[in-house]
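Enquirer: The structure's right below; bear with me while I get my questions together.
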Amino acid sequence: MAFPNKLVAILNKDIDTGVAMNAIAHMTIGLGAKLGAPALLFDDYYNREGHVYPNISKIPFIILRGKSTEIKKVIHTARNQNIHLGAFTNTMTNGTYQEQFWNTRRKPYLLWMCFFWRLG
């Protein structure tokens, strides 16, 4: 099956696995909310006992690793090509939600992760 849309995440090589998983979770929830279920091609998987594993996307999810500077270049290119993207930075992990929100607006940051969704 050919997929007209591509989903790719690029994680910073320097972050811990738990932080990377947290970043992917936040970014994927946001993407899913924006695009809606039909665009993500969900299916339910069943095991031989009949237990359901719902809402598994058929679309490949490619995960790459790179440096913060490389991620920044890719984001710049994606913006110029009108590719939907999201980013997650080091300012989005410490303190309360409100502190993260304001720290992201005011402090220098390192890019930890980004993902892209290309339509067609």
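FYI, it's all coordinate maths here, none of it is from the lab. Note that this is a predicted model, so its numbers are computed, not measured. Here Cβ is always computed from backbone atoms with ideal geometry, including for glycine, and neighbour counts include all displayed protein chains.
Enquirer: Could you work out the relative contact order of the chain, using alpha carbon pairs under 8 angstrom and six or more residues apart, expressed as a whole percent?
Expert: Contact order relative to length: 40 percent.
Enquirer: Something else now. Kindly count the pairs of lysines across the stretch 6-118 whose alpha carbons are less than 16 Å apart, treating pairs on different chains or eight or more residues apart as eligible.
Expert: 5
Enquirer: Return the ratio Rg/(2.2 N^0.38 Å) for the chain, where Rg is computed over Cα atoms only.
Expert: My calculation over the Cα atoms of the chain gives 1.18.
Enquirer: The stretch 27-99: which GluC sites (Glu not before Pro) are DSSP loop and have at most 12 other beta-carbon atoms within 10 angstrom?
Expert: Answer by residue number: Glu49.
Enquirer: Something else: Can you give the extra length, in nm with one decimal, that the chain gains between Glu99 and Lys58 once fully stretched, where that is 0.36 nm per residue apart less the Cα-Cα distance?
Expert: Result for the pair: 11.1 nm of gain on full extension.
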